[in-house]
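Scroll down for the structure; my scribbles are underneath it.
Please treat every number below as a calculation from the coordinates, not as lab data. This structure is a prediction, so every number in the text was calculated from the model and none was measured. Counting neighbours? That spans all protein chains shown, and the Cβs are built from the backbone with ideal geometry, glycine included.
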Amino acid sequence: MLWTTWDPWREIQRLQDEINRVFSGVAPTGRAYYAQGAPGVNIWASENDAIVTTEIPGVDPKDIEISVTGDTLTIKGTRKAEEPEKNVLWHRRERVHGNFVRTIHLPFSTDSNKVQANYNAGVLKVILPRAEVDKPRKISVRTGD
Amino acid sequence: MADKEKQVKIKKDESRPAVFAERTRDRKTFVPAVDIYETADNIVILADLPGADEKSVNITLEKDLLTLEASLEPESHEGYNLAYSEFDTGDYYRAFNLSEEIDRDKIEAKMKNGVLRLILPKAEPAKARKIEVRAE
């Protein structure tokens with residue numbers, strides 16, 4: 001998670017989450033998932049906005065729920081399990097399914113009216129513009145008496 | 001926004017080594033998670049390939065060796081820095097040895113929302129292989 005001030009406890013919590021994800025996730029993918037199937041996120045930042053991406057293949061876009069309040073982004077969704085007709089013989093079942101939810105704290109407040117989300121080839125991309133009031137202001141220094 | 005199901009081309013009997021040779025490009029290769037099940041007529045393979053579309057996926061079937069491959073450009077956004085990361089992107093590779101005879105002309109492969117659906121119909125002689133056991 002991103003935060004503005006460094007908090008060692010949060011750092012430890014993050015490490016714990018990371019370890020849990022490595023050991024509880026679906027190892028063969030190389031891309032670990034949380035035990036409950038909460039997908040990993042990448043956060044890309046620029047001066048004016050942030051892009052949050054997450055890999056959630058096989059989700060119907062209608063089943064993705066995104067909400068933004070201030071500096072918090074929540075992504076909720078359901079990955080439906082494959083339910084084939086009656087008499088099938090399963091060889092492998094590795095794909096993650098079920099509900100997932102991720103809450104991400106952003107380093108700035110966002111303008112929730114301008115948030116855009118795009119789902120393509122199993123990758124969700126959320127573009128979060130920085131709120132006007134939260135943008136850094138340049139303060140010029142004057143020499144004076 | 002929703003992906004439509006798209007056809008993926010399958011290359012049959014192309015000669016390729018059975019062992020995984022090292023790649024020339026220095027890029028991570030991931031093993032995609034799969035679901036595989038068998039019905040009376042087909043073997044169905046579902047593979048999670050987020051970020052891949054019908055053009056980047058490569059499927060080859062040589063004798064019994066089925067190979068799934070996809071090469072993707074690593075994720076990057078111009079003008080943005082990666083501030084926090086929980087997953088990596090790269091290529092996909094996974095190969096299976098099929099034990100059943102497959103009817104090669106009727107294989108179907110489709111991509112939707114980053115999931116590959118591969119339907120491998122069993123060949124006729126393989127299907128009718130049930131042997132009845134009678135009591136003496």
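Taking the number of other C-beta atoms within 10 Å as the exposure measure, put A:43, B:102, B:10 in order starting with the fewest. The partial results should precede the final answer.
Values: A:43 24, B:102 20, B:10 17.
Going from sparsest to densest Cβ surroundings: B:10, B:102, A:43.
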Problem set entry | 10 Å Cβ neighbours from other chains, averaged over peptide B:22-32 | 2
Exercise. Once the Cβ-Cβ distance between residue B:88 and residue A:14 is put in as r, and R0 is 22 Å, what FRET efficiency do you end up with, to the nearest 0.05?
Worked result: 0.80
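Relative contact order for segment A:51-140: what percent, with Cα pairs under 8 Å and sequence separation of 6 or more? Show your work: numbers first, answer last.
Numbers: 138 pairs, mean separation 30.7, N = 90.
About 34 percent, as a whole number.
For chain B, calculate the relative contact order in percent as a whole number, restricting contacts to Cα pairs under 8 Å that are 6 or more residues apart. Display every interim value, and only then the final one.
Numbers: 230 pairs, mean separation 43.2, N = 136.
Relative contact order, chain B: 32 percent.
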Exercise. Can you list the HN-Hα couplings for segment A:125-131, worked out from phi with the Karplus curve (6.51, -1.76, 1.60; θ = phi - 60°), rounded to whole Hz and with x for Gly and Pro?
Worked result: 10, 10, 9, 10, x, 6, 5
Problem set entry | For residues of B:38-45, the mean tally of beta carbons on other chains within 10 Å | 3
Problem set entry | Separation of the residue B:105 and residue B:134 label points, Cα + 7 Å toward Cβ, nm | 3.6 nm
Exercise. Which pairs in the list A:86/B:106; A:125/B:122; A:86/B:110 are over 29 Å apart, alpha-carbon to alpha-carbon?
Worked result: A:125/B:122
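Percent of alpha carbon pairs in chain B separated by more than 26 Å?
Numbers: 3034 of 9180 pairs.
When every Cα pair of chain B is considered, 33 percent fall beyond 26 Å.
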Seminar exercise, completed: When B:57, A:41 are arranged by how many other beta-carbons sit within 10 Å of their Cβ, fewest first, they go A:41, B:57
For this session: Taking a cut-off of 20 Å between Cα atoms, list the aspartates and glutamates near residue B:55, but don't count ones fewer than 8 places away on the same chain.
Result: A:55, B:3, B:5, B:13, B:14, B:69, B:73, B:75, B:91, B:108
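Take peptide A:55-68, look around each residue's Cβ out to 10 angstrom, count Cβ atoms belonging to other protein chains, and average those counts. Let's see the in-between values first.
On the way: counts 9, 4, 14, 11, 3, 4, 4, 2, 0, 1, 0, 0, 0, 0.
Neighbouring Cβ atoms belonging to other protein chains average 4 per residue here.
If you count, for each residue, the other Cβ atoms within 10 Å and average over each peptide, how do A:55-64, A:127-136, B:22-31, B:110-119 line up from highest to lowest? Please list the in-between numbers first.
Working: A:55-64: 19.1, A:127-136: 14.9, B:22-31: 11.8, B:110-119: 21.4.
Highest to lowest by the protection proxy: B:110-119, A:55-64, A:127-136, B:22-31.
Please rank B:80, A:119, B:92, fewest neighbouring Cβ atoms within 10 Å first, as an exposure proxy. Could the numbers behind the result be given before it?
Working: B:80 15, A:119 21, B:92 25.
With the sparsest Cβ surroundings first, the list reads B:80, A:119, B:92.
Past 21 Å, Cα to Cα, is the threshold; run A:76/B:28; B:9/B:63; A:62/B:112; A:76/A:114 against it and keep the listed order.
Values: A:76/B:28 28 Å; B:9/B:63 17 Å; A:62/B:112 14 Å; A:76/A:114 19 Å.
Table pairs above 21 Å Cα-Cα are A:76/B:28.
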Seminar exercise, completed: Of the candidates B:43, B:33, B:83, the farthest towards the positive dipole end of segment B:26-83 (Lys/Arg Cβ +1, Asp/Glu Cβ -1, centred on the Cα centre) is B:83
